[in-house]
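Taking it in order: structure first as structure tokens, then the write-up.
The values are calculated or read from the model by the stated rules, or taken from the named source; none is laboratory data. All figures in this text were calculated on a predicted structure; none of them were measured in a lab. Neighbour counts run over all protein chains shown; Cβ positions are idealised from the backbone, glycine included. Keep in mind that these areas ignore ligands, DNA and RNA; they rest on the heavy atoms of the full protein, side chains included. Shrake-Rupley method; radii C 1.70, N 1.55, O 1.52, S 1.80 Å.
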Amino acid sequence: MIRVMVADDQAMVRTGFGMIIDSQPDMKLVGEAADGVAAVALARRLRPDVALLDIRMPRMDGLEALRLLAGKGVADPIKVVVVTTFDLDEYVHTALSTGACGFLLKDSGPALLVEAVRAAVSGDALISPSITVRLLQHLSPPAPARDDAGLSPRELDVVKLAARGLTNAEIAERLFIAVGTVKTHLGSVHMKLGARNRVEIAAWAWERRLID
């Protein structure tokens, strides 16, 4: 059972997300918070499998709460998916660099919300398809020479597809390889890049203009 916590200052949003989560046979809503301070305290106490955090909340915003729960230096980070109305580039950049396991717009729909939770649990990450390309293309100024960080040609193929938001199964189908092979390649990529999650791999690819 995937234990999920929701933090949002709007009661209707918390209720809606809770209904979506509880409607899944393998998920359960374990807690709600209406502001960032309460979200951090509740997450540390409940240790949910995934925390869904809004960005603009009273007392402490979601990005600061994310830093405290999953940022660099956190001994036992919690998997966080940012779910917000605002798709500003600066928000996405901060969320991805701070350790978010996904960035979702609130109007993405129930199916994508559920998929984002499952992706976070499995070690993947999901960004709303409507903003993936635009946001990642502008994560940084034009990059210098195309640095491959020692990745093999096949690993680069996997990285490029992952950066476009494809799942492991979709990458496997596209490259005519097994899903287990995709996971092996991604594991190697994680180590070579020093990336903590799939989102950081995607950001690395876009920053170096590996995606046309």
Q) Within the bounds of the stretch 32-49, is there any residue that is at pLDDT 95 or above and farther than 25 Å from R67 by Cβ? A) no
(Q) Could you check the stretch 145-158 and list, in sequence order, the residues that are farther than 17 Å from I211 by Cβ and either modelled with pLDDT of 90 or more or outside any loop (DSSP other than H, G, I, E, B) (or both)? (A) S152
Q. Is it true that A95 is in contact (Cβ under 8 Å) with a residue 24 or more places away in the chain, part of a loop (DSSP other than H, G, I, E, B) and open to solvent by less than 50 Å² (accessible area, probe 1.4 Å)?
A. no
(Q) Among the residues of the stretch 46-62, are any part of a helix (DSSP H, G or I), surrounded by fewer than 22 Cβ atoms within 10 Å (Cβ to Cβ) and in contact with a Gly (Cβ under 9 Å, 6 or more places away or on another chain)? (A) yes
Q. I78: assigned to a helix (DSSP H, G or I) and either under 25 Å from T167 (Cα atoms) or at pLDDT below 90 (or both), yes or no?
A. no
Q: Could you grab me the full set of residues in the stretch 1-32 that are open to solvent by less than 40 Å² (accessible area, probe 1.4 Å) and touching a residue at least 60 places away in the same chain (Cβ under 8 Å)?
A: I2, V4, D8, V13, F17, I20, I21, M27
Q: Could you tell me whether D35 is within 25 Å of K183 (Cβ to Cβ), more than 17 Å from the chain's Cα centre (by Cα) and open to solvent by 20 Å² or more (accessible area, probe 1.4 Å)?
A: no
